[in-house]
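The values are calculated or read from the model by the stated rules, or taken from the named source; none is laboratory data. On a predicted model such as this, the values are computed, not experimentally measured, just so you know. Areas reflect the complete protein model, heavy atoms only, side chains present, ligands, DNA and RNA absent. Shrake-Rupley method; radii C 1.70, N 1.55, O 1.52, S 1.80 Å.
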Amino acid sequence: MSTAAQPSVESRRAAATSVAAALLTETGLARIAFAVGAVHVVDDNFLQPQPGTSAGDHLVGGLIQTGLFVLFAWAYPRLRAGARATLALGVGLFMIVMGASEAGYYMRERGLSGDDYTGILMIPAGLLLIGIGFVMLWRTRKGGSLVWRYARRVLIALGLLLGAYFVIYPLGESYAITHAARAYVPEPQLGTAFEKVSFTTPDGLRLEGWYVPSKNGAAVISFPGRRGPQKPAKLLARHGYGVLLFDRRGEGESEGDPNLLGWEGTRDIEGAIAFLKARPEVEDERIGGLGLSVGGEMMLQEAAENDELKAVVSEGAGVRSAREAVHMDGAEKVIGSWAFGLVTVGSAVWTSNLPPRSLIDLSGKIIQPALFIHATPGQGGETLTKRYYEAAKGPKEYWAAPGGHTGAIDAAPEEYERRVVRFFDRSLLR
C-alpha cells in the first residue's frame, strides 16, 4: 500500500512545488496583488457593507471593480514589458490610496474593523506592484544610444508624474470621499441644553444627532455634520430658534455609506424635515435650513425639490460633479472639468449612484427665500455661487463675505449674525 501510494504523494509534492514556483514569478506575484484587490472589493461591497446598507446597494459598482481586477490579472502576462510596468505602477499606486484612505484612516481613528482588515492589505499589495513595475523598467533600460536611454527615462518619469497628478489623484480623491468620513462625534459646544435624537431617512437609514428645542415656533437644520455647523447653530439657538444637527449618512454614529460630495444627502435633509414636523413646538411653515460647503449645495437642491423647506442659507456652495464644473469660466473650467470629470466617474463606480442634477438647473426652481453667502476667496468652484443666486426665482439675497471657505462667521461675526438672523426672522417668523 505504501509503495502504491508513493507516486501519488510525489505527484502532489511536485504539483505544489510547481504552483509555488509559478506564484514566485513576476506574473504570479502581480496576480497575487490583483487578487488582494479583488478580495477587498468583494469584502467591502458584498460581504461587509456599511451598517444600514446591503450588497444590492453596491451591486453595479462592486461588479465593475471586481471585474477590473480580474481583467488586470488576465491581461498582465499578455502585455509587453513597458505596458506591464505601467499597469503595475498605476494600479499599485491606486491600491495604496484605496488602503490608506479608508482602512488606514479608520485604523488611526478607531482601530480596524469589518472590511478594514482586507483593506489594510491593499497597501503591501500596492507596494508589491510598484516594486514589480520599477524592476520591469530597470530590465528594459538597455537598447539604443546613451542619449536615447536617458531621454527615455526622463519621458517615463514625466509620464508617471503626469499620470499620477491628472489621473490617479482625482480617482483617488473620489475613492477617499466615498469611503471615509469623520469617525467620531465632536464635543457639543452649543451653549444651551439640547437633546440627543435620532430619525430615519426615506431610504431607511438611521441618523444620530442633537436637537435644541425651539422657543419661537421655528427651527433650522444646520448641516452637514456636528462639527462645522455648531457655530451657526449656537448663534441661532441664542435667538430662540430650534436647531437640528446630525451626523450625515456614513459619518459618526449614523448608518449608510459616506459620500462627501453629498450626492444622496438630500434624503438626510428630508428625514430631518420630517423629524422637525413631528415636534410639537415647531410649526410646519417655519422650517429652514442652513448649509455649509457641500451642505449649502444640498440645501439648494432640497429647496428646489421640496417646498417643505421654507427658507435656506447656502454658504460656500461650489462644485459637486462635472455637471457644475462645465459651467465655470476660463482655465478653471478646463482644469475643473477634467478633474471633476474623473471624480464624477470614479464616485459613480464606487457608490453605484449617478450624480444629481446640475445646481445651475436646480437653482432655477428655487422659489423660497434664499440667502447665498459667497466666501472670498473661495474654493472648489465657489465662483458659481453668483450663478446659483442669479438663477433662483424666489426672494433672494447675496453676500460676498470675507474669511474664505465657510469662514464668514469668524471673519465678520457681527455682520454674519445680523444677516443670517434677519434673513430667518423675515422668512420664518413673518
(message) Over the Cα atoms of the range 317-407, each weighted equally, I'd like the Debye log10 I(q)/I(0) at q = 0.11, 0.24, 0.25 Å⁻¹, rounded to two decimals.
(response) -0.33, -1.17, -1.20
(message) Over the Cα atoms of the range 261-377, what radius of gyration and what Dmax do you get, in Å?
(response) 15.3, 52
(request) As a check on your grasp of the helix formula, calculate [θ] at 222 nm for the chain: sum -39500 (n - 2.57) over DSSP H runs of n ≥ 4, divide by the residue count, round to the nearest 500. (result) -16000 deg cm²/dmol
(message) Quick check: at a probe of 1.4 Å, how many percent of the accessible area of the chain sits on carbon and sulfur atoms?
(response) 61
(message) Report the Cα centroid-to-centroid distance between the range 284-309 and the range 353-430 in angstrom, as an integer.
(response) 11
(request) Determine the distance separating the Cα centre of the range 205-219 from the Cα centre of the range 173-195; give it in Å without decimals. (result) 16
(request) Kyte-Doolittle cut-off 1.6, length cut-off 15 Å along the helix's own axis using Cα: show which whole DSSP H helices in the chain pass. (result) 59-75, 81-98, 122-139
(message) Take the residue pairs K231/K393; K365/K396; K277/K310; K231/K277; K231/K396 and return only those whose Cα atoms are more than 19 Å apart.
(response) K231/K393; K231/K277; K231/K396
(message) I'd like the accessible area for K396: 1.4 Å probe, protein heavy atoms, all chains in place, Å² to the nearest 10.
(response) 70
(request) Counting only heavy atoms of the protein chains, get the accessible area per residue of the range 299-430 (1.4 Å probe) and round it to a whole Å² value. (result) 41
(message) What aspartates and glutamates does K333 reach when the alpha-carbon gap must be under 18 Å and sequence neighbours fewer than 8 apart in one chain are set aside?
(response) E324, D361, E382
(request) In whole angstrom, note down how far apart the Cα centers of the range 234-275 and the range 89-162 are. (result) 38
(request) Could you grab the Rg to Rh ratio for the chain? Cα atoms only, Kirkwood for Rh. (result) 1.09
